[in-house]
Amino acid sequence: MATIREIAEKSGVSIATVSNIMNNKGKASPETINRVRKVIEEMHYVPNVVAQNLKLKRSTSIGVIVEDMTIFSVPDVLDGITDYCDQLGYQVFLVNLRLFKNYNDTYYSENFYFEKVHQEIQKLKNLQVDGIIYVCAHERQIEVFPDDLKLPAVMAYGYSGKENIPSIVVNDKNGMGQITEYVLKAGHRKIGLITGKRDSMHAQARLIGFQETLFHYGGEMNLEMIQIGDWERKSGYTLAERLLKQGATAIMCMNDLMAGGVYDRLEERGLIPGKDIAVTGYDDRQLATYYRPSLSTVQLPLHDIGCAAAKVLLEMLEADSKSRIKGDFVHGQITDAIVEVPCKIEIRESISRIV
């Protein structure tokens, strides 16, 4: 493998000149730059990344801790992280806590697993990662990072509760507002809503988006048209009947699973979504396209959340690296502690129109 010294000797310049040309520094003449670059290409020079990283006190690797790979939202967020890191040459060390597998959703409001997270963080620090991303399975505030972390960190799909640890979240209020506006513009005014669990931040934000949009367009504000679900298909089935009795011409659900339950009840009553009544979901899970008729829903920007989390973390590392070069070992600052990523609505066949 060629060295910088060998390239310098063959090019007839100093080692410093070769280094400057490689790093786009210095004031070498165009002729010298072309000659050196030609020699670099001829000798198939590969930069010593390890040496560069030691000099910069960086490993070009990050740790990613996910709560559970079996949750539908996590793989796409992780894919966004690795996609962005691949583009910038960063390696990802993955830790899967398997919390949902072991405890179902009961751990959402608990902190008994924080000690395990801290242990995994220490393992990642021993691997000399430059920073850490924690990926939540379900959006909530979770102050899981220790105060003495001393590494740049980002929370993806959740709220860190710390100003120095950015939170990358979905803009659920806007997503629900978009799909509600579409249903209203289709002529519906008696709109029923099946929510998620009361303590869910997703459900709370989506409810605000629904109510504000309904109010803006003059839709019927009736508490009996809002039914509390639990994210499961059975609750969609049960609550659909209540909304039909209230005269709903449209039933909006806060996820696609509950919308499937609505489909089940409508089929029993001989009603067809998109013809006799409008039905919408949320999340845009793969099953939404398999419903017949296909379900109109809101696409969660999970891949974009992952990309944004990686981008913010690597920007923090870049700022931190510049600070280290100057001699003050402080973490680089960021502008926004909370980054909201917008949703996109997917309109398919399940929204009927009222003339």
(message) So, Lys185, is that one open to solvent by 40 Å² or more (accessible area, probe 1.4 Å) and within 30 Å of Glu318 (Cα to Cα) or not?
(response) no
(message) For region 232-267, give me each residue that is part of a helix (DSSP H, G or I), of a type in the set (A, V, I, L, M, F, W, C) and within 23 Å of Gln211 (Cβ to Cβ).
(response) Leu239, Ala240, Leu243, Leu244, Leu257, Met258, Ala259, Val262
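Test Gln122 against the criterion of being open to solvent by 50 Å² or more (accessible area, probe 1.4 Å), part of a helix (DSSP H, G or I) and among the polar types (S, T, N, Q), and give yes or no. First the steps, then the outcome.
Details: open to solvent by 50 Å² or more (accessible area, probe 1.4 Å): yes; part of a helix (DSSP H, G or I): yes; among the polar types (S, T, N, Q): yes.
For Gln122, the condition - open to solvent by 50 Å² or more (accessible area, probe 1.4 Å), part of a helix (DSSP H, G or I) and among the polar types (S, T, N, Q) - is met.
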(request) Looking at (1) modelled with pLDDT under 95; (2) open to solvent by 40 Å² or more (accessible area, probe 1.4 Å), find the lone condition where Asp276 falls short. (result) (1)
(request) Among the residues of region 301-323, write down those that are surrounded by fewer than 17 Cβ atoms within 10 Å (Cβ to Cβ) and either basic (Lys, Arg) or modelled with pLDDT of 95 or more (or both). (result) Lys322
(request) Scan (1) open to solvent by 10 Å² or more (accessible area, probe 1.4 Å); (2) touching a Gly at 6+ places or on another chain (Cβ under 9 Å); (3) not aromatic (Phe, Trp, Tyr) for the single condition Leu223 breaks and write down its number. (result) (2)
(message) Whether any residue in region 89-100 is of a type outside the set (A, V, I, L, M), farther than 16 Å from Val154 by Cβ and open to solvent by 80 Å² or more (accessible area, probe 1.4 Å) is what I want to check.
(response) yes
(request) Quickly run through region 4-48 and pick out the residues that are without any contact (Cβ under 8 Å) to a residue 12 or more places away in the chain, part of a loop (DSSP other than H, G, I, E, B) and not small (Gly, Ala, Ser). (result) Asn23, Asn24, Lys25, Lys27, Asn48
(message) Checking the conditions here, which among Gln227, Gln204 is assigned to a helix (DSSP H, G or I) and under 23 Å from Leu295 (Cα atoms)?
(response) Gln204
(request) Considering only region 72-82, state which residues are modelled with pLDDT of 95 or more and either open to solvent by 10 Å² or more (accessible area, probe 1.4 Å) or in contact with a strand residue (DSSP E or B) (Cβ under 7 Å, 6 or more places away or on another chain) (or both). (result) Val74, Pro75, Asp76, Val77, Leu78, Asp79, Ile81, Thr82
(message) Against the condition outside any loop (DSSP other than H, G, I, E, B), without any contact (Cβ under 8 Å) to a residue 60 or more places away in the chain and under 18 Å from Leu300 (Cβ atoms), how does Asp105 come out, does it pass?
(response) yes
(request) Tell me which of these Ile179 doesn't satisfy, since it passes every other one: (1) under 21 Å from Ala240 (Cα atoms); (2) of a type in the set (A, V, I, L, M, F, W, C); (3) open to solvent by 10 Å² or more (accessible area, probe 1.4 Å). (result) (3)
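Take the conditions in contact (Cβ under 8 Å) with a residue 40 or more places away in the chain and surrounded by fewer than 17 Cβ atoms within 10 Å (Cβ to Cβ) and apply them to Asp130. Does it pass?
Judged against the criteria, Asp130 is not a match.
Quick test for you: out of Val49, Val13, Val36, pick the one residue that is farther than 18 Å from Gly306 by Cα, at pLDDT below 85 and not aromatic (Phe, Trp, Tyr).
Just one listed residue meets the conditions, Val49.
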(message) For region 134-175, which positions are farther than 25 Å from Asn102 by Cβ and either acidic (Asp, Glu) or open to solvent by 40 Å² or more (accessible area, probe 1.4 Å) (or both)?
(response) Asp147, Asp148, Lys150, Lys162, Glu163, Asn164, Asp172, Lys173, Asn174
(request) Looking only at region 178-192, decide whether some residue is in contact with a strand residue (DSSP E or B) (Cβ under 8 Å, 6 or more places away or on another chain) and assigned to a strand (DSSP E or B). (result) yes
(request) Scan region 233-254 for residues that are open to solvent by 10 Å² or more (accessible area, probe 1.4 Å) and closer than 20 Å to Thr289 by Cβ and jot them down. (result) Arg233
(request) Search region 188-213 for residues being touching a Ser or Thr at 6+ places or on another chain (Cβ under 9 Å) and basic (Lys, Arg), and hand back the single one that is least open to solvent (accessible area, probe 1.4 Å). (result) Arg206
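The values are calculated or read from the model by the stated rules, or taken from the named source; none is laboratory data. Note that the coordinates shown come from a computational prediction; the quantities given were computed from them, not determined experimentally. Here Cβ is always computed from backbone atoms with ideal geometry, including for glycine, and neighbour counts include all displayed protein chains. Quick note on the areas: whole protein, heavy atoms, side chains included, nothing else; ligands and nucleic acids left out. Shrake-Rupley method; radii C 1.70, N 1.55, O 1.52, S 1.80 Å.
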